[in-house]
Structure formats: C-alpha cells, structure tokens
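Q: The structure that follows is given in the form of structure tokens.
Coordinate-derived values only; no laboratory data. Since we're looking at a predicted model, the values are computed, not measured. Because the Cβ atoms are built from the backbone with ideal geometry, glycine has one as well, and the counts that use them run over all protein chains shown.
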Amino acid sequence: MTGNGNLAAELMDTVASLRRLVRRRIRPTMPEPALRGAQIELLNIVDTQPGVGVAAAARALHLADNSVSTLVNQLVNAGLLWRRVDPVDRRAARLELTDAARDRLRHWRTGRDRVVGDALSRLPGEDVRAIEAALPALRRLLREIEEGT
C-alpha cells in the first residue's frame, strides 16, 4: 500500500471510530425510539434544507432514492418528519421536520458538542490547534471526493 493508502485507511478508521464512539456515548441520553446514523443524517439534511425533496436528500446523503424513501417512511411513522405534496409537482414530496425532530436534533447536537468539547478541553493546546488547522483540509478532501464521483 502506498503512503497515501496508509493515510487514507488511518483517516477513515479514525473518523469512523470517532463517530461510532460519540454515538455510543450520546445514545443512552436520547429519547426513544433510538435512531440509526442514516436517520439522523437525513434529519440534519432536512433541518438545513427545509422542504428538500427525497431525490435531493438522497443525492446529499449519497444514497439511492429508494433507501431514502424507506428512511422517510420510518421517520414519518416515528413522528419526526412531515411529508408534504409539492405544490408545483404533485408527484413529488417535500420534507419538513416536526417539532419533536427539532427537539431531538437539538438534544443530539448538545450531547455531541458536550462529549467532543469535553474531550477537546482535556487535550494539550497544540493538539486542539492541530485539529482546528486540519478542518479546512478535511473540507477540501470532502469536496474532492464528492466531485470525483
């Protein structure tokens, strides 16, 4: 494996472990029903893009339309999403968060920020600065991956 291959593997393993550990720490404090990562990601998309359609949400999540439709049905049944008919194209649906979903996302973000913020506060300053300095490069990496597909 090349140097970049090793870096790629280590980066992805680290990011996946970070996300998994933060979810595990927050999950016991969250109200029922427990949500999977993809459901939370969909709620985040709808929060940042109120009225988003299923196809656009699928593109944003890099998932198939039918997979997102399944997630939408689950979240509608859980009382966390509203699916409204698009007034321009009556065949399409527009997604909106319910108040319960907004509360849940607020709770999730507060817990995530607490867990990660507490850990950051225990790190040496140089580590915190290195993580902060890496964020722009990580965002560029994300754009490269998105544009390369």
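Q: Give me the angle, in degrees from 0 to 90, between the Cα long axis of helix 125-147 and the longest principal axis of the Cα atoms of the chain, rounded to the nearest 10.
A: With rounding to tens, the tilt is 50 degrees.
Q: If you take the square roots of the eigenvalues of the alpha-carbon gyration tensor of segment 53-94 and sort them as a ≥ b ≥ c, do you get rounded (a/c under 1.5), prolate (a/b over b/c) or oblate?
A: Oblate shape, in that a/c is at least 1.5 and b/c is the bigger or equal ratio.
Q: Within segment 19-46, whose backbone N sits under 15 Å from a point 7 Å along Cα→Cβ of LEU141?
A: 19
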